[in-house]
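Here is the structure we will look at.
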Amino acid sequence: MAIMTSPECLRYQFTKDFKDNGIKLSDKCCYKLKKENALKYENESNRHIAITGIRGEEGGMRGLNGCTIFEDDKLKKFHPLKVVSEQWEEDFIRENNIKLCDLYYPPYNFKRTGCKGCPFALDLQNQLDIMRELLPNEYKQCEILWKPVYDEYRRIGYRLSNKIEKQMTIWDVMNDDK
């Protein structure tokens, strides 16, 4: 199934040759940082339902299931915003004068604020460009943390341009703090 939902330019990553080259691919960070914490909360609070703010319009796996997911005839997940459009969300925020994270406003203008520099971000290049200019330490952290993935993306021309000022190292970040 992963091959069918993968962009054409990434399908080589599912071949034996790619797996044998030592590069490990995984979406486990999403599980560790998000889903594992939700499960922990469910267990500690004795509330066995996850309520999320995902919208189907966001794309990817988000559009596959409906608003409710049942397991053994019990409601397991509830996605009340699944049917909400981006326009409706923007109108709701404006009409109710809801203050969002500063990253959604100028000069940053982020459309989403998932994990910093996440390789799964559809607008990854734009996020990195903004961080390079306005949040240079965060940009450097992303270049170090995601280096193997970014290098591969740049090599195959996927989500990232080949333009990079210079490859960051841990020493660059440490010297900037002085």
Give me TRP146, TRP88 sorted ascending by neighbouring Cβ count inside 10 Å, so fewest comes first.
TRP88, TRP146
GLU57, GLU44 arranged by Cβ crowding within 10 Å, fewest neighbours leading
GLU44, GLU57
Exposure-ranked with fewest Cβ neighbours within 10 Å first, HIS48, HIS79 stand as HIS48, HIS79
Pairs LYS32/LYS74; LYS40/LYS76; LYS32/LYS111; LYS99/LYS140; LYS32/LYS116: which are spaced more than 18 Å apart, C-alpha to C-alpha?
LYS32/LYS74; LYS32/LYS111; LYS99/LYS140
Please label the shape of the stretch 47-98 as rounded, prolate or oblate, based on the square roots a ≥ b ≥ c of the eigenvalues of the alpha-carbon gyration tensor (a/c under 1.5 means rounded; beyond that, a/b larger than b/c means prolate, else oblate).
oblate
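Values in this text are rule-based calculations from the coordinates and carry no lab data. These numbers come from a predicted model, not from an experiment. A quick note on method: Cβ atoms are made from the backbone with ideal geometry, for glycine too, and the neighbour counts reach across all protein chains shown.
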